Amino acid sequence: MIDFKEKVAELVAANINIKKEEVIPLIEIPPQEDLGDYALPCFQFARTLRKAPQLIAEELVAVINQGDYFAEVKNVGPYLNFFIKRELLAKTVLEAVLSAKDNFGSSRLGAGKNVVIDFSSPNIAKPFHVGHLRSTVIGNSLYRINQFLGYHCIGINHLGDWGTQFGKLIAAYQLWGNEQEIKAEPIPALLKLYVKFHQEAENNLELEEKGRQCFKRLEEGDHEAAKLWEWFVELSLTEFNKIYQLLNVHFDYNTGESFYNDKMDGIVQLLQEKKLLKKSEGAYVVDLDEYEMPPCLILKSDGATLYPTRDITAAIYRKENYHFAKALYVTDYSQNLHFAQWFKVIELLGFDWSDQLEHVPFGRVSTEEGALKTRKGNVIFLKDLLNKAIEKARKIIEENNSTLENKDEIAAMVGIGAVIFNDLSNSKIKDIVFNWERMLSFDGETGPYVQYTHARANSVLKKGQSQSRPLDDYSALTSDEAFAVLKLLYTFPATVRKAADRNEPFFITRQIVELAQAFNKFYHQYPILVDEVDLRESRLLLVLAVKTVLKTGLYLLGIQAPERM
Ligand code: ARG
C-alpha cells in the first residue's frame with residue numbers, strides 16, 4: 001500500500017532543508033476531519049530555519065505541489081494540513097485487501113523469532129476462575145496477533161500443579177474424601193475438601209503437620225501420594241479442557257510447575273555459586289533490598305521449593321529450549337511484585353536476556369453483584385458462566401431470527417464471542433465488569449454487533465455476486481462515508497502492529513468496532529445492490545474489504561465470525 005505518511009514527509013523534505021526521516025515522527029493525525037488526514041506542525045523547524053513557524057507553514061504551502069497523492073495541502077497557522085486523494089486511497093486499500101485476502105494486515109516482521117506466551121495457567125484442583133479466563137483470552141489473542149506478524153509462537157499453560165497445597169489436599173482426601181462425590185463433580189468436590197482442611201486446621205495444629213508430611217511423601221515419590229496427585233491433575237485437566245474447547249484455545253505445551261521438579265536443583269546450585277542465596281529465618285532467599293523489593297523466596301526451611309523457584313527454573317529452561325526473543329507472562333496485576341522480583345534474580349544471575357521477559361498484567365474482573373471470590377467456595381464457575389452466555393445468545397437468536405440454521409453452533413460463537421470481546425474491550429489493565437445485557441447486545445460496542453455487521457456484509461456479498469476484481473475507476477467511493485470506512489481499513493495493519501508492540505489486543509477491538517460503525521453508516525446511506533453495474537461493483541468491493549477485515553480482526557481476538565446470524 002502507498003505509505004501516505006511517508007509521502008507527506010517526502011513532499012516536505014523536497015521543499016525545505018530537512019531530512020524525510022526527521023519529518024516522519026512529527027506528522028500527526030488531526031483531531032477533526034476539516035483539518036485533513038495528516039498534519040505537520042512547523043514549530044520544530046523554527047530554530048534550524050530561523051523563521052517563525054507560521055511563516056514556514058505559509059512558505060511551504062506556497063511551494064508545495066500537492067502532486068500525485070494529495071488533493072489539497074493548506075496551512076492553518078503553523079500547521080500544514082494534507083488531504084489524501086480519496087480515489088487513490090480507495091484504490092490502494094481495496095486492491096491490497098483483494099490481493100492479500102485474509103492475510104491483509106499480516107507481515108513477516110517476526111520471521112525467525114520465537115515468542116513464548118505463558119498464559120491461562122489455572123491451578124489444579126481449584127476452580128478455573130474469571131482471572132484465568134482473562135489470562136486465557138488475552139494470551140490467546142496475543143498468540144494470534146504475534147503469529148499474524150510472522151513470529152513463531154509457543155503457548156504454554158503453566159499449570160499450578162505443585163506445592164504444599166497438594167499435601168493438604170491428599171491429607172484431606174485420606175481423612176474425608178469420597179471417590180464417588182469427586183468423580184461426579186471433581187472441582188467443586190476437591191475445593192470443598194480443601195476448604196474443609198483449612199477450617200479444621202484452625203483448631204487442629206496436627207492437621208497442618210499432616211499436610212506437610214503428605215507433601216513430603218509426594219515429593220519423595222511415594223506411590224499412594226503420587227497416584228492421588230495424578231488423579232487430581234487428570235480430573236482437573238478434563239474440566240479445564242472443556243473450557244478451552246468452548247473458547248477454542250490451544251496450547252503447545254501443558255507443562256505445569258511440576259515439570260520443573262527435577263530441574264530446580266541445578267538452579268539452586270547456580271544461585272549458590274553466584275553467591276546470591278542468603279539464609280533468612282532458616283529459609284533461603286535472594287536479597288533484593290538494594291532494588292527496593294522484598295526478598296525473593298527460593299527454598300523454605302524444610303528445603304521445599306516455591307513458586308518463584310519454579311518460575312526462575314522454567315524461564316531458563318524455556319530460553320535454552322525455545323530460544324525466545326520475547327517471553328510474555330499473562331496474569332493479573334496482583335502478581336506484579338512476584339514477576340519484578342524473579343526477573344531481577346534472572347538479571348543478577350548474569351543472564352543478558354532478562355530484558356526479554358515481560359509481565360503482561362491485567363485488571364481484576366467483577367460482576368455487578370460484586371467481586372468474584374474464590375474463597376469459602378463462593379465462586380462463579382467459569383464453565384457455567386460460558387454456558388450461560390451461550391444460552392442467552394441462543395434466546396436472542398431465537399427472537400431475532402428463528403429460521404436460522406445451526407442455531408446451536410451460532411449461539412456458541414455469539415455467546416462466547418460476546419464474553420471474549422467484552423474482556424478485550426478496554427486497556428487490559430483496567431478492571432472489568434460483567435454485564436450480560438450490555439455484553440450480548442446487538443448494538444453498542446459489543447462482539448455480537450461486530451459479528452452481526454460481518455454477517456450482514458456477507459449476505460449482501462452473496463446476493464450481489466461481486467466480481468471481486470480491481471476497478472478501473474474508484475470515483476464512486478469518495479463520499480465522506482466511504483472515505484471514513486476506507487481510512488479504517490487502511491490503518492488496520494498499523495493497528496495490528498501496535499497491538500503487538502504494547503501487548504494490547506484492545507486496539508484491534510476498538511478498530512473493528514469503529515469499522516463496523518462506519519460501515520453501517522455507509523450502508524444506511526448508500527444502497528449496495530443498485531442496478532447500475534459499475535456503481536454496484538464499487539460498493540460491493542468496499543463491502544468485501546470490510547467483511548474481510550472484520551473477520552480477521554475477530555480472528556485475532558480469538559472470536560469466530562459466523563457467515564449468517
Ligand atoms: N497458576 C498461577 C495462578 O493461578 C498463574 C501462573 C502464571 N504463570 C507463571 N509462570 N507464574 O495465579
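Those residues that are loosely packed, with under 13 Cβ neighbours inside 10 Å and under 20 Å from Ile312 (Cα atoms), I need them from region 281-290; list them, please. Walk me through how you get there before you give the answer.
Initial filter on region 281-290 (loosely packed, with under 13 Cβ neighbours inside 10 Å): 281-282, 289-290.
Selection gives Asp289, Glu290.
For region 425-475, give me each residue that is acidic (Asp, Glu) and modelled with pLDDT of 85 or more. Steps first, please.
Just the residues of region 425-475 that are acidic (Asp, Glu), to begin with: 431, 437, 443, 445, 472-473.
Within region 425-475, Glu445, Asp472, Asp473 meet the criteria.
Within region 336-344, is even one residue over 18 Å from the mean Cα position of the chain (by Cα), over 30 Å from Phe434 (Cα atoms), among the aromatic types (Phe, Trp, Tyr) and open to solvent by 40 Å² or more (accessible area, probe 1.4 Å)? No, that holds for no residue.
From the list Gly110, Gly36, pick out the single residue that is surrounded by 15 or more Cβ atoms within 10 Å (Cβ to Cβ), more than 30 Å from Ser468 (Cβ to Cβ) and of a type in the set (Gly, Ala, Ser). I'd like the intermediate steps shown before the answer.
Numbers: Gly110 fails: more than 30 Å from Ser468 (Cβ to Cβ).
Being surrounded by 15 or more Cβ atoms within 10 Å (Cβ to Cβ), more than 30 Å from Ser468 (Cβ to Cβ) and of a type in the set (Gly, Ala, Ser) holds for just one of Gly110, Gly36, which is Gly36.
Count of region 235-270 residues, restricted to those that are among the polar types (S, T, N, Q) and without any contact (Cβ under 8 Å) to a residue 60 or more places away in the chain, is 4.
Applying the condition of being within 15 Å of the ligand (Cβ to nearest atom) and hydrophobic (A, V, I, L, M, F, W, C) to region 138-152 and asking which residue is surrounded by the most Cβ atoms within 10 Å (Cβ to Cβ) yields Ile138.
What strands (runs of 3 or more DSSP E), lying completely within region 29-137, carry at least 3 residues that are within 16 Å of the ligand (Cβ to nearest atom)?
Details: elements: 38-41, 70-76, 79-84, 114-118.
In region 29-137, the matching strands (runs of 3 or more DSSP E) lie at 114-118.
Looking only at region 419-449, residues that are in a loop (DSSP other than H, G, I, E, B) and not hydrophobic (A, V, I, L, M, F, W, C) come to 12 in all. Scanning region 304-335 for residues that are under 20 Å from Leu270 (Cβ atoms) and either more than 13 Å from the ligand (Cβ to nearest atom) or open to solvent by 40 Å² or more (accessible area, probe 1.4 Å) (or both) yields Ala304, Thr305, Tyr307, Tyr317, Lys319, Glu320, Asn321, Tyr322, His323, Phe324.
Given the condition hydrophobic (A, V, I, L, M, F, W, C) and surrounded by fewer than 16 Cβ atoms within 10 Å (Cβ to Cβ), answer yes or no: does some residue in region 432-439 qualify?
Within region 432-439, one or more residues are hydrophobic (A, V, I, L, M, F, W, C) and surrounded by fewer than 16 Cβ atoms within 10 Å (Cβ to Cβ).
Among the residues of region 339-388, which ones are at pLDDT below 95, charged (D, E, K, R) and assigned to a loop (DSSP other than H, G, I, E, B)? Answer for region 339-388, where residues must be at pLDDT below 95, charged (D, E, K, R) and assigned to a loop (DSSP other than H, G, I, E, B): Arg364, Glu368, Glu369, Lys373.
The values are calculated or read from the model by the stated rules, or taken from the named source; none is laboratory data. These numbers were taken from a predicted model, which means no experiment stands behind them. All Cβ positions, even for glycine, are placed from backbone atoms using ideal geometry, and neighbour counts span all protein chains on display. Areas reflect the complete protein model, heavy atoms only, side chains present, ligands, DNA and RNA absent. Shrake-Rupley method; radii C 1.70, N 1.55, O 1.52, S 1.80 Å.
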